[in-house]
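First comes the structure, then the notes that go with it.
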Protein chains: 2
Amino acid sequence: MSKRDTKRDILQAAKAVFASKGYEASTLEDIAEKAGVRKALIFYYYPSKESLFLEAWNESIDELENTLFRELADESVYIRKLKKLFRGYIDFVMSRREVMKLIEIDRVRIMDGPQDGDEWGRFRLRYNRFLQKIEELIEEGKEKKALPSDISTKATAKLLAQMMGMGALEENITLERIIRIILSGMALEPERILL
Amino acid sequence: MSKRDTKRDILQAAKAVFASKGYEASTLEDIAEKAGVRKALIFYYYPSKESLFLEAWNESIDELENTLFRELADESVYIRKLKKLFRGYIDFVMSRREVMKLIEIDRVRIMDGPQDGDEWGRFRLRYNRFLQKIEELIEEGKEKKALPSDISTKATAKLLAQMMGMGALEENITLERIIRIILSGMALEPERILL
DNA sequence: CAAATAATTTACCAAACGGTCAAATAATTC
DNA sequence: GAATTATTTGACCGTTTGGTAAATTATTTG
């Protein structure tokens, strides 16, 4: 009979509630109920609602990032890298849509502000590091002549991240069709990457 | 000395606050203060916070939609239609970014649910009508052989709406570059449409 | 097994919030 | 100008919320 990990139960419950209602409309009572504890216990493990949300946010982006990029390091052929990236993403969305929801449901509000200086600064930093990862991948493609040299790295990264955020609401078949359009726009052949 | 339109003042203040903080974190006290009235007065003009938000939401989508589609009716050459659409959009974002913010900051939470049945049903209906408009435009392009016949209307509409939503946060130069990528992906020549 | 420590719950708090209603003020009507 | 109507405000309400502290229970340690 395995021992309960209460802190993790609370965090998982929090992720589910934040993903469903967004941060502002989520109550600690809801989270506690879902975790099967009383609300005050949340404060034994987490100093505040916000810090709970920060951990949920960071873990979610970590999870997405690890899934997308972890296995690309083994790959040296750029097209194969992209293949793994998009395949990995499609699979990820199917089983972990909640992650995309947690990020997207609050992303615009969080990202609408300066790099730091307010309560959302750390949240923005984390998301920006994710964007940076995508930019690096695009830069790599340009260096390897697999992508047009005149394509804007930043704009492409932003578009890809935005497309990925659509995983919060869209069906996989729609996502695949959208990815096809974007890949074409990046001067790639969708058929070689998606199937 | 023109007469004050208090109801409109309240609605405009509400739009600004909702666009900045999102619905859930916006308080009627904040809105009243911004409008220069006392909170109770909001209830003289609007039955509830939610109905105030619904009006702000609908007016914002109306404004976006009118700006995008109003002048396309005069145009019969499809490429010129698109030119007007994207030009109009870029100009709109420059002067009315608050509209995009108001929609995007709450869109994922609102759209994450069935067509009707809950408090957000009417909000979804309105946004879906906007999506429908984009779909019709794409269908028109396919009929006129200006777009590939095998392109998915739904996926393309969703991608375009998502791209437009990026106007909430992105600079115009980034938006233009993103539009280029998408237009290429739609088998169009960006230079003929953007400049 | 008792003491110490960790985990959990109960009970409570102040502040905040959407909303209500009567009173006050302003504008309009005759 | 008085009466009526419209608009605005002040005062208040009940509920909810993030959070706190003490009490209780469970687990660990020696």
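The values are calculated or read from the model by the stated rules, or taken from the named source; none is laboratory data. What you are looking at is a predicted structure, and each value in this text was computed from that prediction instead of being measured. Using ideal geometry, Cβ is built from the backbone for each residue, glycine included, and neighbour counts are taken over all protein chains shown.
Points to keep in mind about this one:
- Total residues in segment B:161-172, condition more than 21 Å from B:Asn128 (Cβ to Cβ) and within 9 Å of another protein chain (Cβ to nearest Cβ): 2
- On inspection, A:Glu119 qualifies as within 16 Å of DNA strand C (Cβ to nearest atom), at pLDDT below 95 and not β-branched (Val, Ile, Thr).
- Top-ranked residue in segment A:34-56 [being in a helix (DSSP H, G or I) and away from DNA strand D (no atom under 12 Å from the Cβ); ranked as farthest from the other protein chains (Cβ to nearest Cβ)]: A:Ala35
Conditions (1) more than 11 Å from DNA strand C (Cβ to nearest atom); (2) surrounded by 14 or more Cβ atoms within 10 Å (Cβ to Cβ); (3) under 23 Å from A:Ile110 (Cβ atoms), marked per residue:
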residue: B:Tyr23; (1), (2), (3): no, yes, yes
residue: B:Lys39; (1), (2), (3): no, yes, no
residue: B:Tyr44; (1), (2), (3): no, no, no
residue: B:Ser51; (1), (2), (3): no, no, no
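- Flag for B:Ile31 being in a helix (DSSP H, G or I), more than 14 Å from chain A (Cβ to nearest Cβ), of a type in the set (Val, Ile, Thr) and farther than 25 Å from A:Gly22 by Cβ: no
- Total residues in segment B:143-170, condition more than 15 Å from A:Ile181 (Cα to Cα) and either among the polar types (S, T, N, Q) or surrounded by fewer than 19 Cβ atoms within 10 Å (Cβ to Cβ) (or both): 4
- Flag for B:Lys158 being away from chain A (no Cβ under 11 Å) and of a type outside the set (Val, Ile, Thr): no
- Residue list for segment B:13-25, restricted to those being more than 14 Å from chain A (Cβ to nearest Cβ) and over 16 Å from the mean Cα position of the chain (by Cα): B:Ala13, B:Ala14
- Residue in segment A:2-17 that is closer than 21 Å to A:Phe123 by Cβ, surrounded by 17 or more Cβ atoms within 10 Å (Cβ to Cβ), among the β-branched types (Val, Ile, Thr) and within 16 Å of DNA strand C (Cβ to nearest atom) present: yes
- Residue match in segment A:57-73 (condition: farther than 30 Å from B:Glu104 by Cβ, modelled with pLDDT under 95 and outside any helix (DSSP H, G or I)): yes
- Identity of the residue in segment B:53-80, in contact (Cβ under 8 Å) with a residue 60 or more places away in the chain and not hydrophobic (A, V, I, L, M, F, W, C), that ends up nearest to DNA strand C (Cβ to nearest atom): B:Asn58
- For the condition assigned by TED's automatic domain parsing to the domain that holds A:Ile182, touching a helix residue (DSSP H, G or I) at 6+ places or on another chain (Cβ under 8 Å) and not hydrophobic (A, V, I, L, M, F, W, C), A:Lys34 does not qualify.
Residue-by-condition table, conditions (1) more than 8 Å from every other protein chain (Cβ to nearest Cβ); (2) touching a Ser or Thr at 6+ places or on another chain (Cβ under 6 Å); (3) under 28 Å from B:Ala19 (Cβ atoms):
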position	(1), (2), (3)
B:Lys133	yes, no, yes
B:Glu136	yes, no, yes
B:Lys142	yes, yes, no
B:Ser152	no, no, no
B:Thr174	no, no, yes
B:Arg180	no, no, yes
B:Arg192	yes, no, no
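- Residues being within 14 Å of chain A (Cβ to nearest Cβ), closer than 22 Å to B:Ala168 by Cβ and either within 12 Å of DNA strand D (Cβ to nearest atom) or within 21 Å of the chain's Cα centre (by Cα) (or both) are entirely absent from segment B:68-76.
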